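No value in this document is a laboratory result; all are computed from the given coordinates. In this text, all values refer to a predicted model and were calculated from it rather than measured experimentally. A quick note on method: Cβ atoms are made from the backbone with ideal geometry, for glycine too, and the neighbour counts reach across all protein chains shown.
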Amino acid sequence: MESGTAARSSETSAASNGATAAADSIEVHNPATGALLATVPVDPPEAVAATVARVRANQPEWEAMGIEARYYWLGKLRDWLFDNQDRVLDTMQLETGKVRADAMNEPAYLADLINFYGSRAAKFIGEESIRPHSPLLAAKKLRIQYRPHPVVGLISPWNFPLILSLGDAIPALQAGCAVVIKPSEFTPLGVAEVIEAWKSEIGGPDIFDCVQGIGETGGALVDAVDFVQFTGSDRTGRKVMARAAETLTPVSLELGGKDPMIVLRDADVDRAANAAAWGGMANSGQICMSVERIYVEEPVYDEFVQKLTKEVRGLRQGQDGDRYDKDVGAMTSPNQTAIVEDHVTDALASGARALTGGKRVEGPGDYFEPTVLVDVDHSMKVMRDETFGPVVGVMKVRDAEEALRLANDSRYGLSGSVFGERERAEQVARRVECGAINVNDVLVNYFATEVPMGGWKESGIGTRHGEGGIKKYCRSESLVITRFGGKREPSWYPYTKARRRLVGPLVRLFNARDWRRRFGLKR
Ligand code: NAD
């Protein structure tokens, strides 16, 4: 196992550096065993450009077929996901090391999202009719039409290989864009499998493809497309945005998080502890919105820590195939395991205590023990930087004000949660600086696709979900149509005093807000 992981690790150091020199193939390993799964050829820049050019040529037809016809095709993808669910989950577990229940979330979310956007696209991006705001524009018909960016490039991470690629492709395709995905080099197989099915089993139009590789391939995709949707680390996000600036290509960036949970003195402590265990350990903590920092009001701190520790200690870790009998899977990227280990080691060396977990798991596969740390503070990496592993740090706070101060003391602002009596928790939640906040629940905002999901501060630019999640893939075109008019408008040439005398009083009449000014009366 070790050698496979090491090989993959050195391969991907190019990604970490954003280096442009890339290998001509990627080795994909099973993180749960280290076994080599596949060797995937890397697409060099010329191949990326050719793929984008091909789907670009087919995009006008896709746009012209309209919202309903596009929903028909995406509905076929939804049906395929249901019909081939086991195959999809098997591939995902192999390349990520997830447990089955975590893997299962992915096709379920995608099917729901296809229906969500398919049934609302006409409302969200259909042509809008606008009433002119001024009687001076009464002769004009105003419309806004939303035309898709022709080709959208999606660059995605490894933690949710399908949700974070197809999940962004769905609104873009529904909007009429062609889409090219560059999956993470750690998890290229699942996306490739679905796209191959789109082409050969579903028989979908040739407007949807993927390219494989690391930084060089990703950079070439940024150069070739009309809109970039990037999900990944803030480090790579900055590079992608800088590269897109060269061609003035718009970007939407969904980046890292360091999500806080606040537990108030009037919380249901059992629910809060169970939520913290799931929110912190699900998908081995490799969720951008994972609970990473917990601030608990003094009166319930001891009870919360004891219940959280008991819950986390009882989690079953390992591989479960399709048996659904494990809770926490492997770490998907060996680079990430090293970061998690570094954060925990740093905390322990600075006085933190691990009430459970605290180290890598010995033996085959790449696992880190589900870990609860106490006696932590904001000088430690584990409370400051994104850990992205099965680790939570818990701090005792005097009151809600202190909890809020600490929760907001972060360069990130993706999402968070507050547990407590509903009204009080809601008041506290409104003051957390982040793009989405859950009251008495965790992570669930991601499945409330009606509302936007995106980061404040260094957690991103732009949002996914809701109306904005499909509109962003479109350019608005305002249509100002003259319904009637003579040979000349009063504001056109020639400029004469007589014509000005006509326009001036009308502007006054409609814009002044008192009668004296409306009629130009002297004081
Ligand atoms: P990463 O930034 O290392 O890689 C993301 C993608 O960028 C990969 O496909 C990678 O190959 C590609 N890439 C690398 N260098 C590039 C370059 N120079 N130009 C273009 N593309 C390049 O991130 P990761 O390790 O795959 O994912 C983990 C990160 O993703 C965490 O920070 C996590 O919080 C974040 N994330 C955010 C969200 C969200 O919605 N906000 C969701 C999931 C994950």
Computed about the Cα centre, the charge dipole of the chain from +1 Lys/Arg and -1 Asp/Glu charges at the Cβ has a magnitude in debye, to the nearest 20, of 4760
Report the net charge of residues surrounding Gln306, where surrounding means a beta-carbon distance below 12 angstrom and charges are Lys +1, Arg +1, Asp -1, Glu -1. -1
For the charge dipole of the chain, defined by +1 on Lys and Arg C-beta atoms and -1 on Asp and Glu C-beta atoms about the Cα centroid, which residue among Met104, Ala192, Ala400 has the Cα displaced farthest towards the positive pole? Ala400
Take the alpha-carbon centre of the stretch 494-517, take the same for the stretch 151-197, and report the distance between them in whole Å. 56
Among Val480, Tyr495, Ala436, which residue has its Cα furthest toward the positive end of the charge dipole of the stretch 428-523, with +1 on Lys/Arg Cβ and -1 on Asp/Glu Cβ? Tyr495
Determine the gain in length on full extension of the stretch Phe82-Tyr324; use 0.36 nm per residue of separation and subtract their C-alpha separation, reporting nm with one decimal. 85.3 nm
Ordered by packing density, taken as the mean number of other Cβ atoms within 10 Å over each peptide's residues, highest first, how do 124-135, 216-227, 103-114, 348-359 rank? 216-227, 103-114, 348-359, 124-135
Relative contact order for the stretch 335-397: what is it in percent, counting Cα pairs under 8 Å that are at least 6 residues apart? 35
Dipole magnitude of the stretch 303-448, debye to nearest 20 (Cβ charges: Lys/Arg +1, Asp/Glu -1, about Cα centre): 180
Mind ranking 413-423, 188-198, 321-331 by how tightly packed they are, going by the mean number of other C-beta atoms within 10 angstrom, highest first? 413-423, 188-198, 321-331
Summed residue charge, Cβ within 9 Å of Cys288's Cβ, Lys/Arg positive, Asp/Glu negative: -3
Give the relative contact order (percent, whole number) for the chain; include only Cα pairs under 8 Å separated by 6+ residues. 17
Taking 8 Å as the Cα distance limit and 6 or more residues as the minimum spacing, I'd like the relative contact order of the stretch 248-362 as a percentage. 23
So how far, in whole Å, is the C-alpha centre of the stretch 251-327 from the one of the stretch 221-247? 32
Among the listed pairs Lys258/Lys381; Lys123/Lys471; Lys258/Lys472; Lys141/Lys497, give every one whose C-alpha distance is greater than 19 Å. Lys258/Lys472; Lys141/Lys497
Over the chain: helical MRE at 222 nm, DSSP H runs n ≥ 4 each giving -39500 (n - 2.57), nearest 500: -13500 deg cm²/dmol
Tell me the net charge near Glu458. Cut-off is 15 Å between Cβ atoms, Glu458 excluded, with +1 for each Lys or Arg and -1 for each Asp or Glu. -1
